[in-house]
Amino acid sequence: MSLAELADLLDRDFMQRALLAALLTGLAAPAIGTFLVQRRLALLGDGIGHVAVTGVALGLLTGTSPTWTAVVVAILGAVLIEVIREQGHTNGDVALALLFYGGLAGGVLITGLAGEGANSLQVYLFGSVTSISSTEVWYTAGLAVVVLTLTLGLLPQLFAVASDPEFARVMGLQVRFYNLLVAVLAAVSVTVAMRTVGLLLVSALMVVPVATSQQLARSFRTTLLAAMVIGAIAAVGGLVGSAWLSAQATVAPGPSIVLLALAMFAATWPVGVWLRRRRRLAEPFPILAVDSPDPHQVAGHTDDEHPHEHGDDCGHPAVRHGDHVDYVHDGHRHAPHGEHYDEH
Amino acid sequence: MLNAAGTPVVEARDVTVAIGGRPVLRGNDLIVREGEFVALMGANGSGKSTLVRALTGLRPLTQGSVLLFGTPLHDFGDRHRIGFVPQRGTATGGVPASVREVVSSGRLSRRRLLRPAGRADRAAIDDALEVVGLTDKAGDGVSTLSGGQQQRVLIARALAGEPELFFLDEPTAGVDLPNQLALADALRTLSGRGATVVLVAHELGPLEPLVDRAVVMRDGRIAYDGTPLSHEDVHGHHHPVDARHDHVPHVGSPFDTMSHDPREGGR
Ligand SMILES: Nc1ncnc2c1ncn2[C@@H]1O[C@H](COP(=O)(O)OP(=O)(O)OP(=O)(O)O)[C@@H](O)[C@H]1O
Ligand SMILES: [Mg+2]
Ligand SMILES: [Zn+2]
Ligand SMILES: [Zn+2]
Ligand SMILES: [Zn+2]
Ligand SMILES: [Zn+2]
């Protein structure tokens, strides 16, 4: 497909709708996903996605909009999962697994009963650009706005509850309410993402952008906001990519969105490793008042190991040490002292 | 200050807690009055943390009642009046969080929903960071700090809410001496402003001069309540009051015969 043809395709109504849906999905899913990752519930989105399959099937069976039946069933499933998790002691994850498989199997079975083939379910499992009607875009937009308003508006509370629920309770926060809210918002995001990424891959859009942004971020808020940006880029980029490829082959948008998100993770990972290493190296050395070794211990090694004068641009990390700077190389810490370096 | 006549801030009566059917706290009465600095001591597993958790509402009572500032715990809404430092640095979550963000969450009991942090909030957070000496680490990820530094983050989080009643569960475990001294200074200031402190500790260290009342737990009961004990009294020989002690699991505790009401005896 040529660029002109692509531009033409992107200009079509259905494509504009799909792009809007993808953008909102890309923003909303990682926002709520950050809280799931914080609570170490990264797979909750996946569980809800499986349960929502039954919801879609019920919509197909009864002839109502699968978006709405999916929202309802996903919310019920999310609340159930949250309750099991709260009560659940040791076998919580087994109970969750039962729910996952029940949701998926139930969905496929009911779709069959509805006299629909696997194809009609396929659209919801892996997403489809062309299937989004304009009313559905408005539903999607409305739901995404609700998710974003609540997660960003209640960010301090949700953060406190997710990071230390006991402390939050002493502070008077309604921990159970906030946990349920996160579960419900996750369910809503799953259904929001259903049309673009599809139910089986939705969890990736909730988790992978967060995994990417936490490589680089040091605070919760930055992680969340950066994950939203990354999610939006992945969703829109993946959609355009799949539209581009659709001339040659049938490419569902879900897989290309997820693969793009994973590629972004793969690209930032080495940067994250490098950043963390650099941060550790740059940590100022503690100033020891009493126990420090003899301050005048001349760095004793030959000039071929040490052919230059340490300085701003010598390439060796310069680390603060009280009132001076130490240069780090090969496990040494050298402080300039007149003509030579002291070993610190 | 030992405050025999002050308003009771904590009133616990007959506090009994069973965990999984096993009694962990048994019929404890404890009254803490405004401005008191109480050290809660006792061996590992004697129930100190459980008592603190019962007093803050984290552990449901099997029997008995707790009043905070004269209000039953269940109806107690003025959460900004209490501060809590849990034992052990809580495991950090799956997402990085900065020191400042964690400390800020201690301010939530004073913030209204959907309102940005105001000037007073930011000032209180800055103060709290200053007190624990983490001002220049405010932007760092909590998980990159040492265990003692993380403990100081939790202390700052409780300070940020500017509470009147503090529950600190072993706040100085793993904290080095200079920072214990800094914490002692902070608690002295708070105490001087009239705050009430309930502190769990094995070693009081620099906090010792602040303590004006010691409560010693033994096997789920308050075994001593009165003027501070020397280290020797608590740990030196097995039990400060009675000599008759066998190391058989307790059926009837040796303290049964002399279990005393702290409101009458002790002080
Ligand atoms: N979540 C729990 N589940 C089961 N038993 C518990 C639980 N928490 C506490 N216990 C039991 O309650 C008793 C008192 O525990 P607690 O944590 O209050 O002791 P502690 O005095 O704070 O000890 P430490 O000095 O080690 O902190 C112990 O026997 C412990 O086994
Ligand atoms: Mg304890
Ligand atoms: Zn050298
Ligand atoms: Zn150099
Ligand atoms: Zn040096
Ligand atoms: Zn020298």
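Averaging the sequence gap over all C-alpha pairs within less than 8 Å and six or more residues apart, then dividing by the number of residues, gives chain A a relative contact order of 22 percent. Remark: mean inter-chain Cβ contacts per residue of B:108-114 equal 4, using a 10 Å Cβ-Cβ cutoff to other protein chain atoms. Please report the net charge: other residues with Cβ closer than 15 Å to the Cβ of A:Leu281, K and R +1, D and E -1. Every neighbour counted, the sum reads +3.
Applying a DSSP loop filter and a limit of 13 other Cβ atoms within 10 Å to the trypsin sites (Lys or Arg not before Pro) in region A:35-122 leaves A:Arg40. Would you work out the charge dipole size for the protein assembly as shown about its Cα centre, treating the Cβ of every Lys and Arg as +1 and the Cβ of every Asp and Glu as -1, and quote it to the nearest 20 debye? Dipole of the protein assembly as shown, to the nearest 20 debye: 2320 debye. Any idea what angle helix A:13-38 forms with the longest principal axis of chain A, computed on alpha-carbon atoms, 0 to 90 degrees, nearest 10? The helix A:13-38 is inclined about 50 degrees to chain A.
Here each label is just a point 7 Å from Cα along the line to Cβ, and for B:Arg193 and A:His324 those points are 4.2 nm apart. Between A:Thr149 and A:Ala267, full extension at 0.36 nm per residue minus the direct alpha carbon distance yields a gain of 39.4 nm. Once the gyration tensor of the Cα atoms in region A:3-204 is diagonalised, the equivalent ellipsoid follows with semi-axes of 30, 22, 12 Å, ordered largest first.
Binning the C-alpha pair distances of the protein assembly as shown at 20 Å intervals from 0 yields a P(r) profile of 17, 39, 31, 12, 1 %, listed from the shortest bin outward. Apply the Debye scattering formula to chain A, with a single equal point scatterer on each alpha-carbon and no solvent, then give log10 I(q)/I(0) at q = 0.07 Å⁻¹. Taking Cα atoms of chain A as identical point scatterers yields -0.42. Size descriptors for region A:1-42 (Cα atoms only): Rg and Dmax, in that order, 15.8, 46 Å. Net charge in the neighbourhood of B:Pro163 (other residues with Cβ under 12 Å of its Cβ; Lys, Arg +1, Asp, Glu -1) is +3. Scaled against the 2.2 N^0.38 Å expected of a compact globular protein of N residues, the Cα radius of gyration of region A:122-184 reads 1.56. Ordering B:Gly57, B:Val153, B:Leu183 by Cα displacement along the dipole of region B:8-228 toward the positive end leaves B:Gly57 in first place; charges were set at the Cβ atoms of Lys, Arg (+1) and Asp, Glu (-1).
For chain A, the longest principal axis of the alpha carbon atoms and the long axis of helix A:134-153 meet at an angle near 40°. Take the Cβ atoms of A:Arg279 and A:Thr222, set R0 to 22 Å, and the FRET efficiency comes out at 0.90.
Rounded to the nearest 10 degrees, the inclination of helix A:92-113 to the longest alpha-carbon principal axis of chain A is 30 degrees. Per residue of the protein assembly as shown, the DSSP helices (runs of n ≥ 4 H) give a summed -39500 (n - 2.57) that works out to -16000 deg cm²/dmol at 222 nm. Between A:Arg333 and A:His344, the built amide H atoms are under 5 Å apart, and every one of these is 5 or more places off in sequence or on another chain.
Taken together, the values in this text are just the output of simple stated rules run on the coordinates, not laboratory data. Everything numeric here is computed off the predicted structure, so don't read it as measured data. Note: ideal-geometry Cβ built from the backbone for every residue, glycine included; neighbour counts use all protein chains shown.
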